[in-house]
Structure formats: C-alpha cells, structure tokens
Amino acid sequence: MNFPLSFSVQILLLMGSDVLHAEQCPKTVINSCGDCIKSGPFCRWCKQLNFTKQGDCPLQSRLEPVQLRPQEIKLELRPGLPYTFELKFKRAQDYPVDLYYLMDLSYSMNDDLQNVKNLGKELLRTLRKITSRARIGFGSFVDKTVLPFTNTNPQKLRKPCPDTETFCQAPFGYKHVLSLTSDQNEFNKRVSEQYISGNLDSPEGGLDAIMQTAVCGSKIGWGNSTRLLVFTTDAGFHMAGDGKLAAILEPNDGLCHLDAGLLYSKSNDMDYPSVSQVAKKLTENNIQPIFAVTRNVENVYTKLKEIIPKSEVGVLSTDSGNVVTLIENAYKSLSSNVIVNHFQLPDDVRVTYTSNCPSGRRPDTRGLCDNVGIGQEVTFQVTVTADQCIGEKSFLIGPLGFTERMKVVVKTHCQCDCQDDPNRTYCSGKGQVTCGICSCSSGFVGQRCECNVGSQGEDRLKAACRRDNATECSGLGDCVCGVCNCHTSEDGRTIYGTYCECDDRSCELDQNKPCGGNGKCDCGKCICNPDYEGSACQCRKSNDACVKGDSQKVCSGRGNCECNVCQCKAGYTLPFCEDCPGCPSPCPKAAACVECLGFNTGPLSKNCTQACGNIHHKVVDELSKQDKKPCKEKDTEGCFMVFSMKELDGIDQYEVSIQKERECPAPPNVAAIVGGTIAAVALIGLLLLLLIKALLYMKDLKEFRRFENEKQKAKWSKAENPLFKTATTTIQNPNFTRCWLTVGEPWRGAEGSAGWECSGPYISAAGRGGSLSPRANGHQRASQLQRLQGAPHLRLVNESAERARTLRSEGLKFSQERERGGETEKHNLLQTW
C-alpha cells in the first residue's frame, strides 16, 4: 500500500563544517524531529508542511554558538556529533614544589639514614634553583608488625636490630614524621631523631606507606603545587593478597588512617593495597613518585613505573649519597613531560586529545607532549563526543602532576522546539500536526492518519510484518498499516530492515568498535571503506607481504591476500601458498602428458597441445641433482619415464623437465622361470616325502618303546586253588630258619614255613622229605649236600616270595627268594646255611 509522503529526511555527509558532500537514505524509521536528532549527527528535520522533496530547508534545531573559557567550558552537543576545542597549557615560572621524603627504615638502610639526617639543607638548596617556594617533609615505614613479616617475640618487638646496634626503634607500618615545611633546620632536627628498625622478610610495606601519604593530604600538608614523593628503599614491596599470610583478610579501603601519633593505625588490620589502587590515588591527588632504589631492585620498580603514570626511577648509591642529584634529574624529566587527562568522565561521553607536539599528533585518550620547557605554551585539541542523549553533566580536564583543572559542562540537544499550528485537516481529521508530521488519533495510522486499522483487518496487516511466520517486526518494532516501524534501541543501535531484522552494531568488532570504525555495519556484514578490508575492516589494503620476489601474482595465485596475509587454498602453506605438503603427488596425473610431450606416444599423442596446455616442458639428457624427488612413472610401452615437476604460480600449472632416455626393463627369461618353477616343485615334493617318512619313523619308534616297557612289566601269576589246604602245619622258631626240601612235585609247608622245590628224583634222608638246616656246621652241611647228589636242580622258595635267584654250588643250582614288607631280599643259599 502506497501513501503520499508528508516529510523528508536528509542525511548530509559533511566535509569540514556544514558542507554538503553526499546524500544517503537513513537506515531507521524517523517519526519525529527528536528521532531525527537521535538517529545520527547529520540528520536534518524540515518543519515545512507537506515537505516531500529533497532540497534546502531552514534548519530549526541548529545549535547555539559555543563559548570557551580558560577555567570552564559549557558544551551543548548533538548525540554522535563530536565537538573540538583548544586547551592550552603553559608551564609557569616559580611554580611551587612540595617534596615528601618517604624512607625505608629497615635495618639494611642504616648507612642511608645517616646521610639523610643531614640532607635538608642540600635538598632545599637544589629545589630553590627551580622555585623559590619549595617545601620538604619526611615519613618512614618498615612493615606490618605481625608474623611472618616481623618477629613478634616481645624482646624483638622492642628492639628488632642486632645487639651491637645501640640506637634502634620498635618496628611499625608507616609513620608520618614531618609535614611539608620550608624550614631546613626543622627537617634536619626531626630526621636526626629517627633510628633504624627491622623486620624479618625482604619485601617491605612500601605500598601501605605510599597509600597513606597520598590520601592523608591534610596531615602531610600538600599544597597547590607540584607534588613529588621520593620513595627510597633497597627491597621490593608487599602487595594485595600478601596479608593473607598473616590472616589479614580485610582489603585495603584507600582511606586515611593516621592516628594521633601519626602512625598508620590499620597496618595490622587491613591488607596491603594493590598496585592499581596506589596508581589511582596518586593520580587523583596529583602526586608524582620518584623511586630512588638500589641496583638490585631497579627492575622491579621499572615495571612499577610502567603502571603508575608520571613516575620516575633512579638508582641510589650504596649509602644514598647521590639522592639529591637523582631527585633533581627526576624532577626535570617529570616536569618536562606533560600528560593531559580527564577525570570523573560521565558515561556515554568520549574524549580524545591531539597536540602540536611530535609525540601527540595522533588522537589518543590522553594528551602527550614531551620536552616542554618553562614558559613554553602547548596546545591540545580536545574532542568531546556524546554518544546518546544525556542530562547536564560535568567532568574535569587537566595535566597530571598539577592541581589546575578545567571544568567541562556537557549537555545534549535532543528535543525540537516546534510551535505548530494545529491543522487537523492535514491529518485527515484523525490527528494533529506536531513538528511537521501527523500525530494520529487512536485506531488510525499512516503519514496522514489515513490508515484505519479496522478497515483492513488487524490480523491481515500484522501478517505482512512477519517474516517466515516469525515474531512481528522481529520483536523490535511496531506493525503500522502492514509496515514495520522499527524502534530506537536504548543502547543507541539503529534498527532497520523490512522486518526490523537489521541493526548497525551486529557486525564483528575490532578495537571494541563495529567494523573497527573503518566501515559501515549493514545487517551483520561490514562494508569497509575503500582503503580497508577484512571481516571487521580491521586491516588496511595492501599486498606487499603477499607477493614473493619477482612473482607477479598475489599468494602465488593460490589464495587471497587479506590484511596483508595470504589466505591459502586448502592444503597450501604460508607465507606465499607455494607448497602443499598434504596434497597428493602430481606425478601420476601428469604421466600421460609427459609421455606425449616428451616421447610422442600415449593416449594423448593426437591432441597433446590442447590437453596438456598447463604443462611447460623441456627435454634434458639427465635431471639436475637439485631435483630431490624426481617422478618415475610407467608409460604405455612398459618403460619408466623419469621427470621432475616444479609448480608455477596459479592452479595446476607446472614446469616439467623430462629425461631423454627412458628406463625399459629387460624381457623375462622364460627358460629360467620354467626351470626354476619345476625345480622348486620337485624340491618341495621331496621335502614333503622326507617329512612324512620322519613322522612315520617317530610313530613306530614310539610304539616299539611302549611295547618294550609293557613286556618288561609282564608278570606270570601262579594259579592256586583257594580251597586247598595243605595237611602240614609248621610252627617256626623265630630264632631258627627252617627249610623244607621237596623233590619232584612242588610242595609247600604250613604258613610261614619254607621248603625246597626240585625237578628230579626224590632224595631225602627221612624218606618223605629232608631238611637242610642253615644252622648246621660245615661237616653237617657237607653231609646234607652229599645226600642230595643227583638232584639236578633245587629251589628254595619262601611262601611270601615272588621272585627267585638261582645259584650254583657243587653241581647244584639253588635259588632263594624272600620278601619282607614289600621289599625283596636275596640271599646266597650257601651263605644262608
């Protein structure tokens, strides 16, 4: 639905002041003069009724002229439009100087204290070379008087020094001794009353002392002057967190805690301050520290100087004899270095500085100017920008180390002063004119209130404000007559788009700015200024670091140069996208082209020039030794082609060196192959036969050995009738061994008896049988044997015996077998007798 326009918004991009350079449509909906002002610094609102064309229009909301004053300036700013004014600084002659000498009184500084006691006169004389209004003061410190920082033994708390030291005072945290004064005698007197003290560990409580010196201005006596704090020590310092070693958990509050005796009363109750706390308090109170330290801790305090602005570090001699020269040099360095900064800056207000000095020509958050002499005037260009509408607020600007401050009062101009004639006919009778546009009555919308929400159907109108059936106007605008009217974001974003889906801050940030401040954010994508590139417009356009030597192509033709760094295609490596370590070898792919280019053979020989246009070749007798990895590929004739490949700029472009002679292998020896095959088969068959024969032999040998073992174990049992009982009962004297002689048939005596068994004629002196007594003497035994002549074989058998041993004596063969308890005993029959 189209409606006639009733107003026009002009965006003027200015070069200089009020100079029209170009026109650009706004990226947000402007409904009122106030919206125009909030939308940006160059929107102009025309109050003329029915103003629908581009062109000049008297600007009713032009700012009033700005007036500058030396000590105070009032600015009425338009949001987003910076305003620049001059701040001039000139070092005054005879400007007062306050110097506070803060000394470490731990025992290692004993010899230094002796020199400082006579320092007042020389120190004031040196300061009065600079100014006639010089004052000096004195304070001292040791450390917290609790373990593990100080020995808490009662005797050591009274005298922490060695026994050889006559004059020694009890340890303490920080003590203010003398307020700033111009009386050198008073300085020498009060300092001479000080004695050395001591503690346990090497780091001291210096940050505690600096904090109290900075915040207790009324007791120290700081004036409207250049404030110098000379900090002398030969050790490092404790910082925030170290107090936990002594169970001190309360953080330092940065307030003054000097009691009636001018001692730091919270030394054992509060932790040490942090370095950032100390730096902040020194800056707020315009105090410039001079760290006069020994060589062994110079590096520590040099690092501290980088954190604390307007500070200097000097190296003390072993007895502090050079402290006056050190202070003089440090003051000259500090006073000639002018740093302008702002204080108590409100939110949504930005301040940048430039100066007419070489070190301060680039815009920065602080104004810098070096080597400024006394009486020399320095001019700083101060640019103030309000990012959004704010009420009247103020802040201070001034040089660090000086008490002078310029007060800057800022307020923004965010409302239009329109006195319109209430013309209801212009707004279709459904509203009234406000600053040149219609303010419609309820139920009507449109530029002239011509859209009746009820006539079109509210659901139908709202459906046109949804993208893909999502939230109406992306939840960032109102649907007016089927058109999204985007809101103005509270955080200053400009929301725009058909469905309010875009804003001017959703792009990638660089240096905490959308598109790095070097382009425009267009719906999540940076549109960089002509001289910048990158996803966040963070880089200046340059190809210097993306081109190697004589190469004419950026990134060797295999990548894009972004931010002066090659973004190589997949696989190629920085810095110039020359090599691709993970890519497959190009040799197999180029083999067909090499064959046709070098030898006029192969599948591409007919259209070699067209198919292989990406290869520039040359034929050589032998490849160079510089070619570390030559290619070796087989051609269609079975020969090996040897060539080297060098990748040129671009994609798939190569320079190929082809070796003139191919490596063709000799044809195979058929006879040797056939003969070798037959011999191998025969040998394998023979080995198989030998293996089978060996297995059969081993099996037979095993069976034979088993047979022999079973044969040796064979036993012949004697078959006996278990029902037969002999008629003879023999009772044997346990002390007498009786043997019964049986001739012919086997005979057995009673249980336990023994007898003779023989296979011959029956011979016995008794008729049935004879007996041979083992107890018989030689004559009897000979007589008994004589009666047995003619018996071819006699065998003595014990009933319990299972084996027999055969013996021969005098033509007779005897055997005796006896077993007792499972053990066989063999006896010579002749011996038994």
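Condition check ((1) polar (S, T, N, Q); (2) buried (at least 17 other Cβ atoms within 10 Å of the Cβ)) across all residues:
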{"residue": "Phe231", "(1), (2)": "no, yes"}
{"residue": "Gly241", "(1), (2)": "no, no"}
{"residue": "Leu245", "(1), (2)": "no, no"}
{"residue": "Asp259", "(1), (2)": "no, no"}
{"residue": "Ser267", "(1), (2)": "yes, yes"}
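Considering the range 512-538 alone, what residues qualify as being part of a loop (DSSP other than H, G, I, E, B), touching a residue at least 24 places away in the same chain (Cβ under 8 Å) and not hydroxyl-bearing (Ser, Thr, Tyr)? Result: Cys523, Gly534, Ala536, Cys537, Gln538. Which residues, counting only those in the range 544-553, are assigned to a loop (DSSP other than H, G, I, E, B) and either surrounded by 12 or more Cβ atoms within 10 Å (Cβ to Cβ) or of a type in the set (Ser, Thr, Tyr) (or both)? Correct list: Val547, Lys548, Ser551, Lys553.
Determine if the range 161-168 includes at least one residue that is farther than 17 Å from Pro289 by Cα and either touching a residue at least 60 places away in the same chain (Cβ under 8 Å) or touching a Gly at 6+ places or on another chain (Cβ under 8 Å) (or both).
Yes, the range 161-168 contains a residue that is farther than 17 Å from Pro289 by Cα and either touching a residue at least 60 places away in the same chain (Cβ under 8 Å) or touching a Gly at 6+ places or on another chain (Cβ under 8 Å) (or both).
Considering the range 284-339 alone, what residues qualify as being free of Cβ contacts under 8 Å to residues at least 40 places away in the same chain, aliphatic (A, V, I, L, M) and in a loop (DSSP other than H, G, I, E, B)? Once the filter is applied, which keeps residues that are free of Cβ contacts under 8 Å to residues at least 40 places away in the same chain, aliphatic (A, V, I, L, M) and in a loop (DSSP other than H, G, I, E, B), the range 284-339 yields only Ile308. Taking the range 615-728 as the region of interest, the strands (runs of 3 or more DSSP E) fully inside it that hold 3 or more residues being within 30 Å of Gln552 (Cα to Cα) are 615-620, 640-647, 654-659. Using the structure shown, decide if Met641 is touching an Asp or Glu at 6+ places or on another chain (Cβ under 6 Å) and at pLDDT 80 or above. It is true that Met641 is touching an Asp or Glu at 6+ places or on another chain (Cβ under 6 Å) and at pLDDT 80 or above.
The set of residues in the range 574-599 being touching a helix residue (DSSP H, G or I) at 6+ places or on another chain (Cβ under 8 Å) and assigned to a loop (DSSP other than H, G, I, E, B) consists of Pro575, Phe576, Cys577, Glu578. Just so you know, in the range 211-224 the residues that are among the small types (Gly, Ala, Ser) and surrounded by fewer than 20 Cβ atoms within 10 Å (Cβ to Cβ) include one that is nearest to Pro148 (Cα to Cα), and it is Gly217. Restrict the check to the range 87-95 and report whether at least one residue is surrounded by fewer than 18 Cβ atoms within 10 Å (Cβ to Cβ), of a type outside the set (Val, Ile, Thr), outside the structural domain of Gly360 (by TED's automatic domain parsing) and part of a helix (DSSP H, G or I). Within the range 87-95, not a single residue is surrounded by fewer than 18 Cβ atoms within 10 Å (Cβ to Cβ), of a type outside the set (Val, Ile, Thr), outside the structural domain of Gly360 (by TED's automatic domain parsing) and part of a helix (DSSP H, G or I).
Of all the listed residues (Thr354, Thr365), the sole one being touching a residue at least 12 places away in the same chain (Cβ under 8 Å), surrounded by fewer than 21 Cβ atoms within 10 Å (Cβ to Cβ), of a type outside the set (Asp, Glu) and touching a Gly at 6+ places or on another chain (Cβ under 7 Å) is Thr354. Residues in the range 591-625 that are surrounded by 15 or more Cβ atoms within 10 Å (Cβ to Cβ) and of a type in the set (Gly, Ala, Ser): Ala591, Ala592, Gly598, Gly602, Ser605, Ala611. Taking the range 114-144, which residues are buried (at least 21 other Cβ atoms within 10 Å of the Cβ), farther than 16 Å from Asp183 by Cβ and not small (Gly, Ala, Ser)? Selection gives Val116, Phe141, Val142, Asp143, Lys144.
In the set Cys427, Cys465, only one residue is over 21 Å from Ser32 (Cα atoms) and modelled with pLDDT of 75 or more; that residue is Cys465. Yes or no: Cys440 modelled with pLDDT of 85 or more and touching a strand residue (DSSP E or B) at 6+ places or on another chain (Cβ under 6 Å)? No.
Do we find a residue being touching a Lys or Arg at 6+ places or on another chain (Cβ under 8 Å) and among the acidic types (Asp, Glu) anywhere in the range 111-119?
no
In this structure, is Val656 over 28 Å from Tyr572 (Cβ atoms), surrounded by 10 or more Cβ atoms within 10 Å (Cβ to Cβ) and β-branched (Val, Ile, Thr)? It is false that Val656 is over 28 Å from Tyr572 (Cβ atoms), surrounded by 10 or more Cβ atoms within 10 Å (Cβ to Cβ) and β-branched (Val, Ile, Thr). Here is the figure for the range 560-583: residues that are on the phi > 0 side of the Ramachandran plot and more than 27 Å from the chain's Cα centre (by Cα) total 1. I'd like the full set of residues that are small (Gly, Ala, Ser) and outside any loop (DSSP other than H, G, I, E, B), limited to the range 340-375. Scanning the range 340-375 gives Ser355, Ser359, Gly360, Gly367. Applying the condition of being in contact with a strand residue (DSSP E or B) (Cβ under 8 Å, 6 or more places away or on another chain) and charged (D, E, K, R) to the range 226-267 and asking which residue is nearest to Leu99 (Cα to Cα) yields Arg227.
The values are calculated or read from the model by the stated rules, or taken from the named source; none is laboratory data. This one's a predicted model, so the numbers in the text were calculated from it and none came from an experiment. Ideal geometry is used to build each Cβ from the backbone, glycine not excepted, and the neighbour counts take in all protein chains shown.
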